[in-house]
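Here is the structure we will look at.
The values are calculated or read from the model by the stated rules, or taken from the named source; none is laboratory data. All values reported here derive from a predicted model rather than from experimental measurement. Reconstructed Cβ throughout: ideal geometry from the backbone, glycine too, with neighbour counts over all protein chains shown.
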């Protein structure tokens, strides 16, 4: 596979805009969206619609979120195969992992990154998220600072105004990783994969999202090991219940200095206290 065959993450397209009642022709940059297939030892698992960027991170993060593997190094080989109809992330895992994987193997087709579409069993959709540790304690000012760092790093969104972002922030270093995608689930998977590949654990920082918070976003954050999840949009009721059950502090509707805490508010304190469990 030639890397040059991977589509670019954005494309310039022709458009006609109405400006003050006058039609004008021009160009606009839009995000690309392609089918990305995940296979393990030649067994098909899922097809997600995604932005063709940070594909190695996507492969690792998705595999961790799906619990196909528990660690990035359990993926023994990864090949990115580009075809006319899409991209295949072809992975090989050990016999012990493929055996347990085959027992719960499923097929899904996820439009724009929906991680719950087409499941063979409803049980899989409500599998409990792992419990997180005590994590950090932060002041409201630190939460506001963290979310304020995101826009400057959202390069794809600066060009297209049409993609989601997920980032990881630590008190010592600020945002250490940020990934973008047309699918909010994909952006978080890519972030998780980037952190896993760099050996960065989730307990030392917080997850930041530009999207709403659905249950899958909470589940993925719990698997990552982060105890605080901050989003600019609102959560669903199931996301709140899941965050409460697994020990995550769920913060949403973050706008400047203002935000709302929906679960485990004890980690947010008036004065900053630095603590890692």
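When we screen 38, 58, 62 for residues that are assigned to a strand (DSSP E or B), touching a strand residue (DSSP E or B) at 6+ places or on another chain (Cβ under 8 Å) and modelled with pLDDT of 95 or more, the only hit is 38. Do you know which residues across segment 236-259 are within 17 Å of residue 135 (Cβ to Cβ) and assigned to a helix (DSSP H, G or I)? Result: 242, 243, 244, 245, 246.
The set of residues from segment 191-204 being under 16 Å from residue 229 (Cβ atoms) and touching a helix residue (DSSP H, G or I) at 6+ places or on another chain (Cβ under 9 Å) comprises 191, 192, 195, 201, 202.
Rundown of residues vs (1) over 15 Å from residue 180 (Cβ atoms); (2) surrounded by fewer than 17 Cβ atoms within 10 Å (Cβ to Cβ), yes/no style:
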residue	(1), (2)
12	yes, yes
22	yes, yes
46	yes, no
58	no, no
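None of 269, 232 is surrounded by fewer than 17 Cβ atoms within 10 Å (Cβ to Cβ) and more than 13 Å from the chain's Cα centre (by Cα) except 269.
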